[in-house]
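Values in this text are rule-based calculations from the coordinates and carry no lab data. All values reported here derive from a predicted model rather than from experimental measurement. In this analysis, Cβ positions are derived from the backbone assuming ideal geometry, glycine residues included, and neighbour counts consider all displayed protein chains.
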Amino acid sequence: MHNIYLEKRDFTVIAQNDRYGQILDKSEAGRIYIGGLYISTSSELLYGYNFNPGILEIGRDRNITDTFQIRYKAPYIFQHTSDEFIDQMYDDLKSGAKDFDYMEKYNLPENLVTKIKDEFAHKQVISTQSDKQILEDNNIKVKNPIVVPKVIRNLIWEQPVSSKASAIKQKSTLDLLREFLEDEEDNLTERQIEKLNYIINRKQ
């Protein structure tokens, strides 16, 4: 943990990535900075963010009207969370905080991966109701599954539950792209939507 100096105030940094920037503690919840300069505040976010210049696209009025860019890039910084904040990060991740919407298993700090496996390795986990069908398609009887964020589900599903078991076959990349497009269509430009549709629909 260390402190940084923003707008003549001292803030606690819980994670830092040289390329992307820093994540600030909850006293700065939702406040977004670029290069130390305050830009705007979002009620959706649990943490504060100080991104390096050039990482976020901002309009002429310097206002960020949606948090898609932040939520998409935040995992690269959270990957470097200081050890003393891992427990807090884990609780917030499990609670479904929007800061972690695009967290992938390869962005999880190593000691957080250990915590997740210790807690869920021998439990049935799902993130959506459709996951129940995926489990059944993998010949797994579903009984009282625990609902968790997608990143936890993905991490646990790739771990065989016994020496004779296989990792659960998950959705294809195309299925994930379709889900992404459906969830984020309102936050994407027409060009981005067009490009994603092209990728999804082109012949393999």
In order over the range 93-100: 3J(HN,Hα) from phi, Karplus 6.51/-1.76/1.60, θ = phi - 60°, whole Hz, x for each Gly or Pro, gives 4, 5, 6, x, 4, 5, 4, 9
Quick query: amide H of Ile39 versus all other amide H atoms, modeled in the peptide plane; which residues come in under 5 Å with a sequence gap of 5 or more or a different chain? Ile32, Tyr33, Ile34
Three-way shape label, the range 75-134, alpha-carbon gyration tensor, a/c 1.5: prolate
How many nm separate the modelled label positions at Ser43 and Lys98, each set 7 Å beyond the Cα in the direction of the Cβ? 1.0 nm
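Measure up Lys98/Lys141; Lys26/Lys105; Lys73/Lys123; Lys26/Lys132; Lys117/Lys143; Lys73/Lys195 against 25 Å on the Cα-Cα distance and list the ones that go over.
On the way: Lys98/Lys141 31 Å; Lys26/Lys105 23 Å; Lys73/Lys123 30 Å; Lys26/Lys132 35 Å; Lys117/Lys143 20 Å; Lys73/Lys195 20 Å.
Where the Cα-Cα span goes over 25 Å, the pairs concerned are Lys98/Lys141; Lys73/Lys123; Lys26/Lys132.
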Let's test the formula: R0 of 25 Å, r as the Cβ-Cβ distance of Asp137 and Tyr106. What FRET efficiency results, to the nearest 0.05? 0.50
